[in-house]
Amino acid sequence: MSLLKWCDEGPATVSLQATVDDAIQTMLEKQVGAVAVIDEEGVVAGMFTERDVLAKFALSGRDPKRTPVHELMSPMVEMATEETTPSEALQVMLERHYRHMPIVDDRGKVLGIVSIRNILEARVDDLLTQLDAKHPAGAKA
């Protein structure tokens, strides 16, 4: 099953030239906790997350409208592809303490962003379906 199926619709992205304000506004508009920072060709250069806002920006005294997001983003080390399984992605995310991972094509262009929440919600839905099948409403356990 492709990880793209579990991603929020339309990846949240900002350009390398974006400001911290731009990135935060995008996260708020899309109701996500991270944006992929992409170059002019759409290739992922890094991620800017809620953790970056708190740990690197919040108490810095810098102006969010003047601070380039690329100065505070986390450079990308791990990215998923369409071939990455949900369990592989979850394992990497847990080991590396990532909450979000971009899914990229063979050129590194962002196709989607999967979150731990996306994976867990899908797995919980599967589990609930299995439980309902084994114990139909009204049946005794």
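No lab work stands behind these numbers, since they all come straight from the coordinates. Please read these numbers as outputs of a predicted model, since none were measured by experiment. Glycine gets a Cβ as well: all are built from the backbone with ideal geometry, and neighbour counts include every protein chain shown.
Just checking, does the range 38-61 include any residue being over 17 Å from the mean Cα position of the chain (by Cα), more than 17 Å from PRO11 (Cα to Cα), buried (at least 18 other Cβ atoms within 10 Å of the Cβ) and not aliphatic (A, V, I, L, M)? Scanning the range 38-61, I find at least one residue that is over 17 Å from the mean Cα position of the chain (by Cα), more than 17 Å from PRO11 (Cα to Cα), buried (at least 18 other Cβ atoms within 10 Å of the Cβ) and not aliphatic (A, V, I, L, M), so the answer is yes. For the range 91-124, the set of residues classified as surrounded by 10 or more Cβ atoms within 10 Å (Cβ to Cβ) and either among the charged types (D, E, K, R) or over 16 Å from the mean Cα position of the chain (by Cα) (or both) consists of ARG96, ARG99, ASP105, LYS109, ARG117, GLU121, ARG123, VAL124, listed by residue number.
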